[in-house]
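First up is the structure itself, then whatever we jot down about it.
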Amino acid sequence: MQSVLNTVKGTALNVAEYLTPVLKESKFRETGVLTPEEFVAAGDHLVHHCPTWQWAAGDETKTKPYLPKDKQFLITRNVPCYRRCKQMEYVGEETLVEEESGDGGWVETHQLNDDGTTQLEDKICELTMEETKDEMHTPDSDKSAPGAGAEAEDEDDDEAIDMDDFEESGMLELVDPAVATTTRKPEAETKASPVASTSGEAEASGDSVLHTRTYDLHISYDKYYQTPRLWVVGYDEQRKPLTVEQMYEDVSQDHAKKTVTMESHPHLPGPNMASVHPCRHADIMKKIIQTVEEGGGQLGVHLYLIIFLKFVQTVIPTIEYDFTQNFNMS
């Protein structure tokens, strides 16, 4: 049912985008939106500071006239994804950044300590040991013990053992119980298939192989919402496309099939791709701009995509694409 609603909504938005005029005047500080020129400027800044991102032209039949032909959208390839979202264990509470609406809110997760703080503290375990004279010995305690000096002098006065006599006595052939010994398997067992033995061990102890997925990420300009829009397409280790359900495994469950939906790419033909819906992007960016200005700073429009990639990370937390410059809101 949800997928049907998303399809109908996507079709309606495509019609609305077609009818929406191109934004000409900058409203970045007032509403958090971008003009196509500002999108290109922010994209150039991203490509310059993070060369893994590159401009792409896309399909010629889908070229948008309000963007340069060679700068239709941004793309980065082969981004690793080592874990599934269900493998991430969040400890603490989740705060709703945006109020709940028909399109769903944005969720920010925190790891809280027992005292309610968000900073991680070192957990120190105290080890106690009962020390007795029989258990603990130091050079000073040995010297202070009565008769210790005389015993030490007696040991020093003992003659060294003749190594020839020691060898003839057969002491060298004794096996030290502290030394680990190995037994050789029969030759028939060693010739068995190593793949079979490995799979048997994996079944017995659980699959410990790290299955790495990779994703291609695209950033397009949405003319209707006048903001960037993120698209993702995933592949397995054999570079075979992931199914829709497999890609949803790498999306935060608070956003799967709500904030993230399957829609047609605006610049590429082919099957639908997973997309982070841009309906809340402008509101979030506006709040970030206000926070920076309240702290006495000023946010340039060229930093838009740098910040955009950071707050979208909450939707796809296991796709490790954000290696851009740090950003301080204070």
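The values are calculated or read from the model by the stated rules, or taken from the named source; none is laboratory data. Because the structure is a prediction, the values reported are computed rather than measured. We place every Cβ from the backbone using ideal geometry, glycine too, and count neighbours over all the protein chains shown.
Results, tabulated for the structure shown:
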{"quantity": "Count of residues meeting criterion [within 17 Å of residue 84 (Cβ to Cβ) and not small (Gly, Ala, Ser)] in the range 242-272", "calculated": "15"}
{"quantity": "Scope the range 64-73; condition touching a residue at least 60 places away in the same chain (Cβ under 8 Å) and either under 21 Å from the mean Cα position of the chain (by Cα) or surrounded by fewer than 19 Cβ atoms within 10 Å (Cβ to Cβ) (or both); matching residues", "calculated": "64, 66"}
{"quantity": "Residue in the range 71-83 that is at pLDDT 50 or above, part of a loop (DSSP other than H, G, I, E, B) and among the hydrophobic types (A, V, I, L, M, F, W, C) present", "calculated": "no"}
{"quantity": "Residue in the range 241-248 that is of a type in the set (A, V, I, L, M) and either touching a Leu at 6+ places or on another chain (Cβ under 7 Å) or touching a residue at least 40 places away in the same chain (Cβ under 8 Å) (or both) present", "calculated": "no"}
